[in-house]
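In what follows, a structure is listed as structure tokens, so that the remarks can point back to it.
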Amino acid sequence: MSYLQAIHKETNAALVSLKAHAQTEGVPIITDETARFLSQLIDLKDVKMFLEIGCAVAYNAIALAIKHPELKIITIERDPTMIEAAKTNIKAFGLESRITLIEGDALEVDETTLPVMDMIFIDAAKAQNIKFFEKFEKCLKPRGIIATDNVLFHDMHTKTIRSRNLKQLIRKIDAFNQYIMKRKEYHSVIHPLGDGLCLSIKQ
Ligand SMILES: C[S@@+](CC[C@H](N)C(=O)[O-])C[C@H]1O[C@@H](n2cnc3c(N)ncnc32)[C@H](O)[C@@H]1O
């Protein structure tokens with residue numbers, strides 16, 4: 001266990017077990033340092049409504065809901081296996097009244113039916129980041145934050161890649177990073193946290 005892990009040791013046994021289970025099953029979940037950073041932002045900005053694109057087994061949604069008792073979360077997932085696991089987990093933690101799971105492709109959700117969001121976390125198909133951003137920014141309040149995960153993609157932007165699919169994915173992630181820096185209505189910074197977290201604050 002690293003020093004950071006030890007000093008920030010999670011004491012909720014059920015949450016520790018949920019994380020271990022997700023990791024054993026190979027479910028990609030938020031890194032600890034990114035989770036801690038989001039959690040502090042939620043405190044700093046007094047976030048009450050949080051939208052997550054990409055729920056997986058609801059690990060992050062559950063962890064945030066436990067740490068922030070006034071937080072309401074809407075999370076979207078399209079994979080049927082993940083949806084079933086997420087539903088089971090949300091129920092097991094008794095968080096059905098605070099975490100709403102929308103089942104289906106985020107790009108097909110009618111964003112006009114969503115409440116105004118204080119913060120949005122984009123953590124789904126990485127090639128679609130611009131589409132997610134443009135669709136869900138409509139729900140963001142002024143001075144709200146959009147956090148987009150994995151924008152450094154294992155530091156691959158600087159490496160020589162042979163796989164055509166991977167090259168295309170990296171090009172798309174780079175296109176998002178270039179795009180977001182040109183969106184002057186947002187103050188965006190890429191933080192080298194986890195796999196790279198882009199924070200965009202609406203001006
Ligand atoms: C990295 S995982 C999410 C992890 C979760 N945020 C956590 O930290 O606990 C990404 C998830 O996004 C889902 N996903 C990808 N594209 C999606 C889309 N267009 N609509 C809904 N879900 C999507 C995948 O099925 C996958 O479960």
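The values are calculated or read from the model by the stated rules, or taken from the named source; none is laboratory data. Nothing here was measured: the structure is a model prediction, and the numbers come from that model. With ideal geometry, Cβ positions are generated from the backbone for all residues, glycine too; neighbour counts draw on all protein chains shown.
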### Query
Among 61, 127, which is the only one that is outside any loop (DSSP other than H, G, I, E, B), in contact with a Lys or Arg (Cβ under 7 Å, 6 or more places away or on another chain) and modelled with pLDDT of 95 or more?
127
## Note on the structure
Only one of (1) without any contact (Cβ under 8 Å) to a residue 24 or more places away in the chain; (2) under 14 Å from residue 121 (Cβ atoms) does not apply to residue 44, and that is (2)
### Task
Give just the number: which of (1) more than 30 Å from residue 178 (Cα to Cα); (2) assigned to a helix (DSSP H, G or I); (3) more than 8 Å from the ligand (Cβ to nearest atom) does residue 82 not satisfy?
(3)
### Task
Identify, from the list 104, 94, the residue that is surrounded by fewer than 18 Cβ atoms within 10 Å (Cβ to Cβ), free of Cβ contacts under 8 Å to residues at least 40 places away in the same chain, at positive phi and near the ligand (Cβ under 9 Å from one of its atoms).
104
### Message
Condition first: on the phi < 0 side of the Ramachandran plot and in a strand (DSSP E or B). Can you find one or more residues in the stretch 164-177 that meet it?
### Response
no
### Answer residue from the stretch 19-57, given it is surrounded by fewer than 20 Cβ atoms within 10 Å (Cβ to Cβ), among the polar types (S, T, N, Q) and within 16 Å of the chain's Cα centre (by Cα) and is nearest to the ligand (Cβ to nearest atom) among those
31
### Task
Report whether or not residue 106 is within 15 Å of the chain's Cα centre (by Cα) and either under 20 Å from residue 198 (Cα atoms) or not polar (S, T, N, Q) (or both).
yes
### Matching option when the condition is in contact with a strand residue (DSSP E or B) (Cβ under 7 Å, 6 or more places away or on another chain), farther than 30 Å from residue 167 by Cβ and among the β-branched types (Val, Ile, Thr), among 113, 100
100
